[in-house]
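Q: I am attaching a structure below and will ask some questions about it afterwards.
Each reported figure results from applying straightforward, stated rules to the coordinates on display, with no laboratory input. Every value quoted in this text rests on a predicted model; they were computed, and no experiment measured them. All Cβ positions, even for glycine, are placed from backbone atoms using ideal geometry, and neighbour counts span all protein chains on display.
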Amino acid sequence: MNNKWMEEFPALKKYRIYLNTAGTGLLPKKTAREIEEFTEKTLRNNWENMENELVKPAKKEICKLINCSEDEVSFSVQTTDGLKRILLALNPKPGMNIVGVDLEFPSISMGVKTLCRNFGCKVKIIRHRNGVYYISDFEKAIDENTLAVAISSVQWINGTMIDLKEISRIAHEKGALVIVDGIQHVGAVKLDVKETDIDAMAVGGEKWLLTSNIGSGFIYVKREIMDRLNPPIYGLLNFEEPYGGWGEWWPLKEKDLWKPLRIARDVSKLDWGGGKPYILIAALKSCIEYINDLGIDWIDEHNKKLKHKILDEALSRGYEIVGFTEDKRLWSSITTISLGLKYEDELNLARKLREKKMMISYRGAAGIGGIRISPHLYNEKAEIETLMEEMEKIRRRLNKN
């Protein structure tokens, strides 16, 4: 392990190898310092204008990362909070349908299922074929009654990346929206929201954006669809700032507190509607700034090299890549492999690796699963070699037994 990464990510010292960013990203020391500075500034009540000093700079970093405008981004508490706000604002009608996939993370699957149960719409589920989804199956599923496709751009089970540009094309031809859970994508692999033409996205910061257990996240909503989204309830800050500004509005004796203001025309209409959890925003800003300084192009290339190393090492040993594709455009930073063992033996192997401080995960659903390896910017090829060697030793011992 490069000492540079050890110094910036102290949690690495706890492990022999950490290859589990799809589970939890590691917090950089830079962000810990900025959280301390935030707390110190708050302790002394030294904030002059939180919007200008913190919120706008954070939005600027997000926009740089995903290529959007500041009026198209706001903040959330991890991913589910943002997804729920976007989904509720769809206001589906009976007879409409929402399309999803069978490997979907429960934040989307359970959210969409309960939304449709409460509003009388239907759910259409696309089944994977050997861990892969085919565009032709989306073409069959999306029709004139489809309100939205709700999907993770990278599937958490095996790292299957969805061709968002093609999905958007198909959906938009039918008048449907594309709602994305980007938590396993943004920060690890480049995602340009304008190029892919998605309509909305929720992203938690705790994985590839490195905010760990802080609880931060953001939402993106394309400006052109803002009028189609109508939340069932609004808070004060979901409305436009009154004439003269809030400073002049608060003391007005004549104002009618039961008369709504004009609904915001940007993404703030989907915001909390009240004060923001600013310390979460401070952490998110710091981590995305760190990623932007390194460069998402460099991170993307670095992570793809690590992916290539995993594939080479695994295939040379006869392991199965769950949901393999040769199309490098659709390579995520997650690779799931099966060693050809019984389910219980693979679970046991994963447990033994973790006991040896080699942090990976075991994930499965919809009939597939395996050992999930998810390296990030602080990992190197030598760690992949070490993991695979240890994995093979354990596999051989289990086979003998």
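Q: Would you kindly enumerate the cysteines in the chain that have no other Cys beta-carbon under 4.7 Å from their beta-carbon?
A: 63, 68, 287
Q: Hey, rough spin-label estimate for residue 140 and residue 44, points 7 angstrom out along Cα→Cβ, what's it come to in nanometres?
A: Placing both labels 7 Å beyond Cα along the Cβ direction yields 6.5 nm.
Q: Any aspartates and glutamates with Cα under 16 Å of the residue 4 Cα? List them, leaving off those in the same chain fewer than 8 positions away.
A: 293, 380, 383
Q: Output the antiparallel fraction of DSSP beta bridges having both residues in the chain, as a percent to the nearest 5.
A: Of all bridge pairs located within the chain, approximately 55 percent are antiparallel.
Q: Let me ask you something else. Could you identify which residue out of 254, 40, 195 has the top mean-square fluctuation in a GNM of the chain using Cα springs shorter than 10 Å?
A: Comparing 254, 40, 195 in the GNM, the peak value goes to 254.
Q: For Kirkwood radius over Cα pairs in Å, the listed values are [x] 24.8; [y] 22.4; [z] 23.4; which was obtained by calculation from the structure presented?
A: Here Kirkwood radius over Cα pairs in Å agrees with entry [y].
Q: Follow-up question, since we're still on this one. Within 10 Å of each candidate Cβ there may be at most 13 other Cβ atoms; applying that plus a DSSP loop requirement, which GluC sites (Glu not before Pro) in the range 274-362 survive?
A: Sparse-neighbourhood loop GluC sites (Glu not before Pro): 326.
Q: Using the Cα centre of the range 29-292 as the reference point, and only Cβ charges (+1 on K/R, -1 on D/E), how large is the resulting charge dipole? Debye, rounded to the nearest 20.
A: With Lys and Arg at +1 and Asp and Glu at -1, about 520 debye.
Q: For helix 381-400, report the angle its Cα long axis makes with the longest principal axis of the Cα atoms of the chain; keep it between 0 and 90° and round to the nearest 10°.
A: So the inclination is approximately 60 degrees.
Q: Report relative contact order for the range 29-292 in percent, whole number only (criteria: Cα-Cα under 8 Å, sequence separation at least 6).
A: It comes to 26 percent, rounded to a whole number.
Q: Going by alpha carbons, how many degrees (0 to 90, nearest 10) lie between the helix axis of 78-88 and the longest principal axis of the chain?
A: 50
Q: Determine the dipole magnitude for the range 184-236: charges of +1 sit on the beta-carbon of Lys and Arg, -1 on that of Asp and Glu, nothing else is charged, the reference point is the Cα centre, and the result goes in debye to the nearest 20.
A: The dipole of the range 184-236 has a size of about 100 debye.
Q: Give the lysines reachable from residue 60 as a straight Cα distance under 23 Å; neighbours fewer than 8 places away on the same chain don't count.
A: 29, 30, 41, 190, 194, 207, 222, 269, 276, 285
Q: Moving on to the next point. Quickly work out the residue 122-to-residue 253 label distance, labels modelled 7 Å from Cα along the C-beta direction, and quote it in nm with one decimal.
A: That separation, rounded to one decimal, is 6.1 nm.
Q: Based on DSSP H runs of at least 4 residues, each adding -39500 (n - 2.57), what is the mean residue ellipticity at 222 nm of the chain after dividing by all its residues, to the nearest 500 deg cm²/dmol?
A: -12000 deg cm²/dmol
Q: Return the lysines within reach of residue 122: Cα separation strictly under 20 angstrom, same-chain partners fewer than 8 residues apart disregarded; answer none if there are no such residues.
A: Cross-link targets: 84, 93, 113, 140, 174.
Q: Express in nm, to one decimal, how much length is gained between residue 380 and residue 308 on full extension, taking 0.36 nm for each residue of separation and deducting their alpha carbon distance.
A: Residue separation times 0.36 nm, minus the Cα-Cα distance, leaves 24.7 nm.
Q: Here is a further query. By counting other Cβ atoms within 10 Å of each Cβ, how are 347, 43 ranked from fewest to most?
A: Starting with the residue having the fewest Cβ neighbours, the order is 43, 347.
Q: Once each part is reduced to its C-alpha centroid, what is the distance from the range 357-392 to the range 219-243 in angstrom?
A: Here the two parts' Cα centres lie 41 Å apart.
Q: Cut-off is 10 Å between beta-carbons; in what order do 18, 319, 134 appear when sorted fewest neighbours first?
A: So the ranking, lowest neighbour count to highest, is 134, 319, 18.
Q: Filter the trypsin sites (Lys or Arg not before Pro) in the range 177-261 to those in DSSP coil with at most 14 other Cβ atoms within 10 Å of their Cβ, and list the result.
A: 253, 255
Q: Ok, one more. If you average the sequence gap of Cα pairs under 8 Å that are 6 or more apart and divide by the length of the range 177-288, what percent do you get for the contact order?
A: 26
Q: Could you pull out the trypsin sites (Lys or Arg not before Pro) across the range 1-103 that fall in loop regions by DSSP (anything but H, G, I, E, B) with no more than 15 other Cβ atoms inside 10 Å?
A: 16, 44
Q: Residue farthest toward the positive end of the dipole of the chain, with Cβ of Lys/Arg at +1 and Asp/Glu at -1: which of 353, 204, 331?
A: After comparing all options, I get 353.
Q: Helix 343-355 versus the longest principal axis of the chain: what angle, 0 to 90°, nearest 10, using Cα atoms?
A: Helix 343-355 and the main axis of the chain meet at about 80 degrees.
Q: What is the set of long-range amide H partners of residue 21 at a cut-off below 5 Å, with H atoms built 1.01 Å from backbone N?
A: 374
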